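Before any comments, here is the structure.
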Amino acid sequence: MKKDTHKQIRRGVILLFWLFIWQMAAVWTDNQILLAGPLQVLQSLVENAARPDFAVIVFGTFSRIGLGFLAAFLTGLLLGVVSYRRSLVEEILAPVMAVFKAVPVASFVVLLLIWFGSGRLSFWISFLIVFPNVYVNTVAGFRNTDRRLLEMADLYGICGWKRFLYLYRPALMPCLNSCLRISLGMSWKSGVAAEIIGLPEFSLGERLYLSKIYLDTAGLFAWTMTIVLLSFCFEKAVLWLMQRFETWRPYPVWGIREEKAADRSAAGGAEEIRISHVDKSYKTQQVLCDFTFSMKKGGRYLMTAPSGAGKTTLLSVAAGLEEADRGTVTGMPPHIGMVFQEDRLCEDCDAICNILLGMHSKGSRRMRREQLLDHVRMQAAKILPEECLTEPVRNLSGGMRRRVALLRAVLSGLPVLILDEPFTGLDEENRVRSAEYLLRHQAGRILLVTTHREEDVELLQGVRVTV
């Protein structure tokens, strides 16, 4: 606290020092046309603020530049999303982006004056300055999204708003924040410059131009200070809203229904999954050769083999994450609950949020938010310490993270569970507790587990499958 206070005092002293230098320079010049002092500028600022049309002038400029920025932000964001989803759209827009980057702003000013007149010039200039930056950074942000998380989302059926909020947003926000810090200032500088050229009525640009005509240097500085203050407040407001959106992490409880995950999965799902004559090679190394086996509803299958024998590859082929060189997988539903070799969790979200994110929607009546959260907390507390449930998973130990991934799969309500070394990083006590929890909540689903430990085979007591 003392350090912050000292820093603020130092900043205040530095500001006073430069005001003093400014005042001394004005006194030495002794010519208000060449250089007005801070006291004359302050007096002019007060006089301007007392003008009956001051609010109209400020609102006119603020609305034109602000709306131009907002339109550019929304358009760039929307087209960035579409371009990410459809490469053809990105190719179509590539020449437009190249033109925006290469053509001087002065050329756009002349064209826009001809097309739209002076009244909307600052709106369009602000738009053209901001739009390319937002568009390019939106595409880059979406492409920075972790591909492994997107694979997880595909398997769990996470889509729409949940997919954007918990998967794309963490990768998008750093790009957008960096872009906005540059674009916000540029939009005001270019917008006011456009007003000086177009001279729309009741605008700050018109006031600056008139100050120049009448050699009113104090007024010029006063209107400039007004512009700087508006730009500063606008930038702080936009960045504050973006920060609130970035840190907003609601629980994804919408769309979840009342039936418990295990009960829903037992009501229907995959009757039989058959993997037939699957081959898979990486370059010259063959990992799977003519592999065939089938799994029936309610079955428990334990795939044992040493590390590097192809267990993870087989799971990826079975789940549809990789394509086999030869062979087929039939009967696999489009969405399954899976524990991957890596945890694949949303790092900034807590354990409860990660579990809710994987829960699928089926059933008749909606469960109340409080009931659903209580149910998930109760289930999670059976294999996790309660104090860690609301911690961001990035702060949890490897064993805790593994149990969160296991809970996400088990409570998903999906008809097939594929678990790749689900007890990795767990001590003996937590290994036993997690295995018992898994068996209690299988509830008629197909369960396929890979392991290289005989202790896990004894715990789960299933059909042994050798790769």
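The values are calculated or read from the model by the stated rules, or taken from the named source; none is laboratory data. Being a predicted model, the structure only gives us computed values, none of them experimental. So basically every Cβ, Gly included, is an ideal-geometry build from the backbone, and we count neighbours across all protein chains shown. Accessible surface is based on the protein model in full, side chains and every heavy atom, while ligands, DNA and RNA are left aside. Shrake-Rupley method; radii C 1.70, N 1.55, O 1.52, S 1.80 Å.
As a rough guide to protection, the peptides 124-133, 167-176 ranked by mean Cβ packing within 10 Å, highest first, stand as 124-133, 167-176. Averaged over its residues, the chain has an accessible area of 51 Å² per residue, based on protein heavy atoms and a 1.4 Å probe.
The angle separating the long axis of helix 105-116 from the principal Cα axis of greatest extent in the chain is about 80 degrees. Taking a ≥ b ≥ c as the square roots of the eigenvalues of the Cα gyration tensor of segment 391-467, is the shape rounded (a/c under 1.5), prolate (a/b larger than b/c) or oblate? Verdict is oblate for segment 391-467. Subtracting the Cα-Cα distance of residue 272 and residue 369 from their residue separation scaled by 0.36 nm leaves 31.4 nm.
Between the Cα long axis of helix 121-143 and the first principal axis of the chain there is an angle of about 20°, rounded to the nearest 10. Put a plus charge on the Cβ of each Lys and Arg, a minus charge on the Cβ of each Asp and Glu, and nothing anywhere else: the dipole of the chain about its Cα centre is then about 460 debye. Taking the C-alpha atoms only, the angle from helix 87-102 to the longest principal axis of the chain is near 20 degrees. If you work out mean projected area of the Cα convex hull in nm² from the coordinates, which of (i) 31.3; (ii) 29.3; (iii) 21.7 do you get? Only one option fits the structure, namely (i). Working ranking of peptides 152-162, 451-461, 106-116 by packing, defined as the average number of other Cβ atoms within 10 Å per residue, highest first, is 152-162, 451-461, 106-116. Of the solvent-accessible surface of segment 98-214, computed with a 1.4 Å probe and all protein chains present, 65% belongs to carbon and sulfur.
Ordering 340, 329, 353 by the projection of their Cα atoms onto the charge dipole of segment 318-359, which places +1 on the Cβ of Lys and Arg and -1 on the Cβ of Asp and Glu, puts 329 at the extreme positive end.
Measuring against 20 Å, Cα to Cα, the residue pairs 162/311; 189/212; 101/212 contain 162/311; 101/212 as the ones spanning a longer distance.
Neighbours of residue 273 by Cβ distance under 10 Å: Lys/Arg scored +1, Asp/Glu scored -1, total +1.
Remind me, relative contact order of the chain in percent, using alpha carbon pairs under 8 angstrom and six or more residues apart? Across the chain, relative contact order equals 16 percent. Ordering 29-38, 9-18 by mean Cβ neighbour count within 10 Å, with the highest value first, yields 29-38, 9-18. Take the Cα of residue 23, step 7 Å along the line toward its Cβ, and report every residue of segment 33-63 whose backbone nitrogen sits under 14 Å from that point. Under 14 Å, as judged by backbone N against the label point of residue 23, lie 37-43 of segment 33-63. Based on C-alpha pairs under 8 angstrom that are at least 6 apart in sequence, segment 321-429 has a relative contact order of 45 percent. Applying a 4.7 Å cutoff between beta carbons, the unpaired cysteines of the chain are 159, 175, 179, 233, 289, 388. Helix content alone sets the calculated 222 nm mean residue ellipticity of the chain: runs of n ≥ 4 DSSP H residues at -39500 (n - 2.57) each, divided across all residues, give -19500 deg cm²/dmol. The residues neighbouring residue 176, those whose beta-carbon lies less than 12 Å from its own, together hold a net charge of +1 under the Lys/Arg +1, Asp/Glu -1 convention. For segment 390-467, the relative contact order is 31 percent, taking Cα pairs closer than 8 Å that sit 6 or more residues apart in sequence and dividing their mean separation by the residue count.
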